[in-house]
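Asks: Please read through the structure below; I'll follow up with questions.
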Amino acid sequence: MLEFDDAQRQLAQGAAAPTRSTRVPLHQAPGLVLATDIAATLDLPPADNSAMDGYALRYEDYAAAGGAHRALPVQQIVYAGQAPAAQAPGQLTRLFTGSLMPAGADTVVMQEDTRVVGDGVEILAEPKPGQHVRLRGEDVSAGQPLLAAGTRLEAAHVALLASQGIAEVTVHPAVRVGILTTGDELVTPGEPRSSHQIYNSNGVMLAALVNGMGARATHVLHARDDEASLQAALRTLTDECDLVLSVGGVSVGDKDLVKPALESLGGTLALWKVRMKPGKPVAMAHVGGKPIVCLPGNPVSAYAVFTVLVTPLLRRMQGRTEIFPQVSYLTLRTPKPRHDAREEFLRVKRVVNAGSVGELQVFDRQSSGVMSSLPWATGLARIPAGVPVYDGEKVAYYDFRHWQA
Ligand code: AMP
Ligand code: MG
């Protein structure tokens, strides 16, 4: 039996970081991983501009005008997107959020602090010098590092890149993942089911998990529990994908034929049983240099094993710098002490009460047959092997938002 941490480390080393890269338009980049560092070429904002609707003022003109007692004339109106003329001393410029500051003005007075009097404008509240002006380069200055290679691009990153006028980025191509479900008892949802059959949950589940990582589930195949069927499917997947996930058929039952099928394709099994619950049977093999991870067939086990064991490998193949997402330590709320000879990953929900960082509620039925716990849970709480954990103790928490991203 392999310890969980060793299995996680070994699996993460099951493939190399990507070497290929490709240029994609910015709108296709979210989910993909940046292959190069990117530095800023533009100051942001590119010019001084107003943060408010109001009037641009040269600060010293306020005192010269006798504070609030004398109206100043308005020289010009400048809308966002227009180029202002230089502002003459003793005058104001009417402007709006995003309008460029005219040369000669240094301060913005917001509209609410002014009063129109005849053809001038009175300033009712004493301004601070430089107030409500966004200065050129105060957000980003040209030349500074913007994003590092290995970053998974999201909406926030493409927004920042777009602000630099960047229309294309160099990314690693999405990792192509082939999924193989196995079992004579399984029927595809939508097909008629006999009383001795169950519906296939793992196919759509794993495809969704893979796609949610920014990889691409290019194939979802199903094989019957016979060696020829398994071999044919595994051959297709190892030919056409970068990573293969098989699910089911890796125990020691009579119909657990994934291992011999892999071996007949020349695969070498790198690890076998992991001391974790749910999900003891997990294996990794390589065929033609490509990693194949064999997951337990039980959907709850496959979900947990994919989350904590397979995602680091997938992140490495994607070229990401953060292979192991953060683990936090939170208080476990459990009516009974938790204790198992194996490392146990409980399906939990993180609940945040006023003033607390959050506590973990345990789903009441932790049998690996209970699939209804999956939509309920927000993550997994790790109970160390052989060490009892009591109500109120802190445990490691693997949040799905981080671990399935
Ligand atoms: P196995 O590892 O093949 O013995 O499968 C373990 C358990 O998970 C059995 O009860 C299977 O029926 C079930 N199972 C395996 N694959 C799937 C699947 N794709 N969808 C739903 N249940 C499955
Ligand atoms: Mg099976």
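The values are calculated or read from the model by the stated rules, or taken from the named source; none is laboratory data. What you see is a predicted model; the values in this text were computed from it and never measured. Here the Cβ positions follow ideal geometry from the backbone for every residue, glycine too, while neighbour counts run over all protein chains shown.
Asks: Could you figure out which of (1) assigned to a loop (DSSP other than H, G, I, E, B); (2) crowded, with 19+ Cβ neighbours inside 10 Å isn't true of Leu234?
Replies: (1)
Asks: Further, regarding this structure: What's the total number of residues in the stretch 375-388 that are out of contact with any strand residue (DSSP E or B) (no Cβ under 7 Å at 6 or more places or on another chain) and closer than 17 Å to Thr307 by Cα?
Replies: 1
Asks: Of the residues Ala80, Ala39, Ala86, which is assigned by the TED database to the domain that holds Gly143 and of a type in the set (A, V, I, L, M)? So that I can check it myself, show each step before the final result.
Replies: Numbers: Ala80 fails: assigned by the TED database to the domain that holds Gly143; Ala86 fails: assigned by the TED database to the domain that holds Gly143.
Among Ala80, Ala39, Ala86, only Ala39 is assigned by the TED database to the domain that holds Gly143 and of a type in the set (A, V, I, L, M).
Asks: Moving on to the next point. Looking for whichever is more than 24 Å from Gly214 (Cα to Cα) and in contact with a Lys or Arg (Cβ under 7 Å, 6 or more places away or on another chain) here; the options are Gly137, Gly104, Gly120, Gly98. Which one fits?
Replies: One residue alone meets the criteria, Gly104.
Asks: Report, by residue number, each residue of the stretch 239-274 that is within 17 Å of Val310 (Cβ to Cβ), near ligand 1 (Cβ under 10 Å from one of its atoms) and β-branched (Val, Ile, Thr).
Replies: Hits for the stretch 239-274 are Val247, Val250, Val258.
Asks: If the requirement is being within 30 Å of Gly319 (Cβ to Cβ) and surrounded by 15 or more Cβ atoms within 10 Å (Cβ to Cβ), which of these qualifies: Val121, Val171, Val108?
Replies: Numbers: Val121 fails: within 30 Å of Gly319 (Cβ to Cβ); Val108 fails: within 30 Å of Gly319 (Cβ to Cβ).
Just one listed residue meets the conditions, Val171.
Asks: A follow-up question, please. Which numbered condition trips up Met1, out of (1) surrounded by fewer than 18 Cβ atoms within 10 Å (Cβ to Cβ); (2) farther than 30 Å from Glu344 by Cβ; (3) of a type in the set (A, V, I, L, M)?
Replies: Going through (1) surrounded by fewer than 18 Cβ atoms within 10 Å (Cβ to Cβ); (2) farther than 30 Å from Glu344 by Cβ; (3) of a type in the set (A, V, I, L, M) one by one, Met1 breaks only (2).
Asks: Turning to a different aspect of this structure: Of all residues in the stretch 118-135 being of a type in the set (A, V, I, L, M) and touching a helix residue (DSSP H, G or I) at 6+ places or on another chain (Cβ under 9 Å), which is nearest to Val74 (Cα to Cα)? Don't jump to the end; show me each part of the working.
Replies: Applying the first criterion (of a type in the set (A, V, I, L, M)) to the stretch 118-135 yields 121, 123-125, 133, 135.
Among the residues that remain, those that are also touching a helix residue (DSSP H, G or I) at 6+ places or on another chain (Cβ under 9 Å) are: 123-125.
Working: Ile123: 12, Leu124: 16, Ala125: 18 Å.
The residue in question is Ile123.
Asks: Then there's this: Can you list the helices (runs of 4 or more DSSP H) lying wholly within the stretch 298-394 that have 2 or more residues being touching a residue at least 12 places away in the same chain (Cβ under 8 Å) and farther than 30 Å from Arg20 by Cβ? Quick ask: steps written out before the conclusion?
Replies: Numbers: elements: 299-305, 311-318, 373-376.
Hits in the stretch 298-394: 299-305, 373-376.
Asks: Sticking with this one: Of the residues that make up the stretch 345-360, is at least one within 29 Å of Ala149 (Cβ to Cβ) and within 21 Å of the chain's Cα centre (by Cα)? Working first, answer last.
Replies: Of all residues in the stretch 345-360, those within 29 Å of Ala149 (Cβ to Cβ) come to none.
No.
Asks: Okay, next question. Which residue pairs have Cβ atoms closer than 6 Å, lie 6 or more positions apart in sequence or on different chains, and pair a first residue in the stretch 177-188 that is under 13 Å from Ala233 (Cβ atoms) with a second residue that is near ligand 1 (Cβ under 10 Å from one of its atoms) and assigned to a loop (DSSP other than H, G, I, E, B)?
Replies: Between residues of the stretch 177-188 that are under 13 Å from Ala233 (Cβ atoms) and residues that are near ligand 1 (Cβ under 10 Å from one of its atoms) and assigned to a loop (DSSP other than H, G, I, E, B), the close pairs are Thr181/Asn200; Thr182/Gly248; Thr182/Gly249; Gly183/Gly248.
Asks: Condition test on Lys259, is it within 13 Å of ligand 2 (Cβ to nearest atom), at pLDDT below 95 and closer than 25 Å to Gln10 by Cβ?
Replies: Numbers: within 13 Å of ligand 2 (Cβ to nearest atom): yes; at pLDDT below 95: yes; closer than 25 Å to Gln10 by Cβ: yes.
Yes.
Asks: Restricted to the stretch 163-184, and to residues that are over 20 Å from Thr19 (Cβ atoms) and not in a strand (DSSP E or B), which residue is nearest to ligand 2 (Cβ to nearest atom)?
Replies: Checking each candidate, the answer is Gly183.
Asks: Show the residue pairs meeting these rules: Cβ distance below 8 Å; 6+ apart or different chains; first residue within the stretch 226-242 and at pLDDT below 95; second residue of a type in the set (S, T, N, Q).
Replies: Qualifying pairs under 8 Å: Glu227/Ser264.
Asks: Exactly one of these conditions fails for Gly214: (1) near ligand 1 (Cβ under 10 Å from one of its atoms); (2) assigned to a loop (DSSP other than H, G, I, E, B); (3) buried (at least 19 other Cβ atoms within 10 Å of the Cβ). Give me its number.
Replies: Of everything listed in (1) near ligand 1 (Cβ under 10 Å from one of its atoms); (2) assigned to a loop (DSSP other than H, G, I, E, B); (3) buried (at least 19 other Cβ atoms within 10 Å of the Cβ), Gly214 misses just condition (1).
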